[in-house]
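Enquirer: One structure coming up, written as structure tokens, with questions to follow.
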Amino acid sequence: MIYLDNNATTRIDPLILEETTSAMHLFWGNPSSTHQIGQNAKKKLSQACSEITTFFGIRQDEFFFTSGATEGLNTLIRSYISHFTKAHIITSILEHEAVYQTCLAIEKEGIEVSFLSPNKGEGAILPSQVLEAIRPNTQLIVLMWANNETGAITDIPNIASVAKRKGIAFLVDGVASLGKMPCQLPDGVTAACFSGHKIHAPKGCGLAIIRDKTFFTPLIIGGPQQGKKRGGTENLPAIIGFANALYQIRQHAETNINNMRRLRDLFENALISSLQGTKSIFAGSRICNTSNISFENVDGETLLIALDQAGIAASHGAACSSGALEPSRVLLGMGYPKKIASSSIRFSLSRMTTLEEIEKSIEIIVQTVTSLRD
Ligand code: PLP
């Protein structure tokens, strides 16, 4: 099977798998215990924390581990709004469900939310749109750095400077950008969330960065772990794996990014030139691994199933409550008609994707689309 669905999740890196499983054997103690077994675990936890501080250039008290980015984003959004009686949040219709659904839920609870739509021809929200949407009671801006469906990159540095100038908290969903572009947090970004399973680490570990703790209240209350920012015994094996994945990014980011971009471009150009009525869906700059392609006169869901049977794993749209696939809210939000959104497939590469896999995929996709059209 050729795996081209790395924005959904990634295969664990073999070295990280080994380190994580050996941590389960060797460092199974509770880092909060004072005996040697606990203290050995605590030492490993501290080493992992050092990688986080080095990678992001942040202090030890400016982050905490979560179960994943969904938990981090929920925690931080709810934490901010809990401090205000009449808050207004700016976000967008392009966000991942972790932000979008949370904002819909808090809107029902009485919080004012502006869901910005991208301007025509854009794949991301612009700083000028954020500036225009600011109200006297705006307390928080929540936007993604890179879009998981199209790869479009948001101009986070310029939005951060707007947020800083206006004194508004700015939470960034950095999940899709990590490992696919430089992710040094600019001044003005007050909080950010990331996820281990998108960068070849195990599931069950995310990271919430919180540089300004003025309006922070933990969601999960329990023991004094993680400076009381999130109660509960730490998931040490997954944390060790996550730290290792960051280390790999720090060591090899440039090579891996160039490689993914080269393969993605080769893949996309070959499909567009071999199949008429095939169009790459993106606008503005985008991360190196994502290719969202619409195949005219082909139903995306049917194509996805045919590709699965032919040996390619990709993705399309979003599952609705009945289990069927709905056209992507993100593509519709970018102004694409339902017909295009329904015929689009997202292919996402990882640093493990090979040239052979890409060449084989091109062959399979051309054959499959041609026979579906016939
Ligand atoms: N944000 C983006 C952009 C994502 O792609 C995802 C996962 O698909 C999430 C947030 C949620 O991450 P997690 O699966 O770690 O909860």
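Values quoted throughout were computed directly from the atomic coordinates according to the rules given, and no laboratory measurement underlies them. Keep in mind that this is a model prediction, so the values were computed, not measured. Counting neighbours? That spans all protein chains shown, and the Cβs are built from the backbone with ideal geometry, glycine included.
Enquirer: For a quick check: sort VAL162, VAL142 by the number of other beta carbons within 10 angstrom, fewest at the front.
Expert: VAL162, VAL142
Enquirer: How do GLU95, GLU18 rank when sorted from fewest to most other Cβ atoms within 10 Å of their own Cβ?
Expert: GLU18, GLU95
Enquirer: Please state the relative contact order of the chain as a whole percent: Cα pairs under 8 Å, 6+ residues apart?
Expert: Once normalised by length, the contact order is 22 percent.
Enquirer: So what's the angle, to the nearest 10 degrees on a 0 to 90 scale, between helix 300-310 and the longest Cα principal axis of the chain?
Expert: 90
Enquirer: Also, I was wondering about something else. Sort TRP145, TRP28 by Cβ crowding within 10 Å, fewest neighbours at the top.
Expert: TRP28, TRP145
Enquirer: Still on this structure, please answer the following. For the pairs LYS120/LYS180; LYS164/LYS198; LYS166/LYS198; LYS203/LYS229; LYS108/LYS213; LYS279/LYS338, flag any whose C-alpha to C-alpha distance is greater than 23 Å. Intermediate results must be reported in sequence, preceding the final value.
Expert: On the way: LYS120/LYS180 25 Å; LYS164/LYS198 29 Å; LYS166/LYS198 33 Å; LYS203/LYS229 21 Å; LYS108/LYS213 26 Å; LYS279/LYS338 15 Å.
Too far apart for the 23 Å limit: LYS120/LYS180; LYS164/LYS198; LYS166/LYS198; LYS108/LYS213.
Enquirer: Give me the angle, in degrees from 0 to 90, between the Cα long axis of helix 97-108 and the longest principal axis of the Cα atoms of the chain, rounded to the nearest 10.
Expert: Once rounded, the angle reads 70 degrees.
Enquirer: Quote the FRET efficiency, to the nearest 0.05, computed for SER128 versus ILE37 with a Förster distance R0 of 41 Å and r equal to the Cβ-Cβ distance.
Expert: The calculated FRET efficiency here is 0.15.
Enquirer: Where does the charge balance sit around GLY277 when Lys and Arg score +1, Asp and Glu -1, over other residues with C-beta under 9 Å from its C-beta?
Expert: Counting the neighbours of GLY277, the net charge comes to +1.
Enquirer: By the gyration tensor of its Cα atoms, with a ≥ b ≥ c the square roots of the eigenvalues, what is the shape of segment 268-374: rounded for a/c under 1.5, prolate for a/b over b/c, or oblate?
Expert: Note, shape of segment 268-374 comes out rounded.
Enquirer: From the Cα gyration tensor of segment 25-123, with a ≥ b ≥ c the square roots of its eigenvalues, which class applies: rounded if a/c is under 1.5, or else prolate if a/b is larger than b/c, or else oblate?
Expert: prolate
Enquirer: Please report the net charge: other residues with Cβ closer than 13 Å to the Cβ of GLU51, K and R +1, D and E -1. Each step should come with its number before you reach the end.
Expert: Details: positive: LYS44, ARG250; negative: GLU19.
So the surrounding residues net to +1.
Enquirer: Could you check what % of the DSSP bridge pairs in segment 66-219 are antiparallel, to the nearest 5?
Expert: 30
Enquirer: Need one number: nm distance between label points at LYS213 and ASN158, each 7 Å from Cα along Cα→Cβ, rounded to one decimal.
Expert: 3.5
Enquirer: Give the shape of segment 134-275 as rounded, prolate or oblate, defined through the alpha-carbon gyration tensor: a ≥ b ≥ c are the square roots of its eigenvalues, a/c under 1.5 means rounded, and otherwise the shape is prolate if a/b is larger than b/c and oblate if not.
Expert: Because a/c hits 1.5 or more and a/b fails to exceed b/c, segment 134-275 counts as oblate.
Enquirer: Another question, then. What's the local net charge at LEU236, with K and R +1, D and E -1, over the other residues with C-beta under 12 Å away?
Expert: Neighbourhood net charge equals +1.
Enquirer: So what is the calculated 222 nm ellipticity per residue for the chain, using -39500 (n - 2.57) for each DSSP H run with n of 4 or more, over all residues, to the nearest 500 deg cm²/dmol?
Expert: After summing the helix terms and dividing by residue count, I get -13500 deg cm²/dmol.
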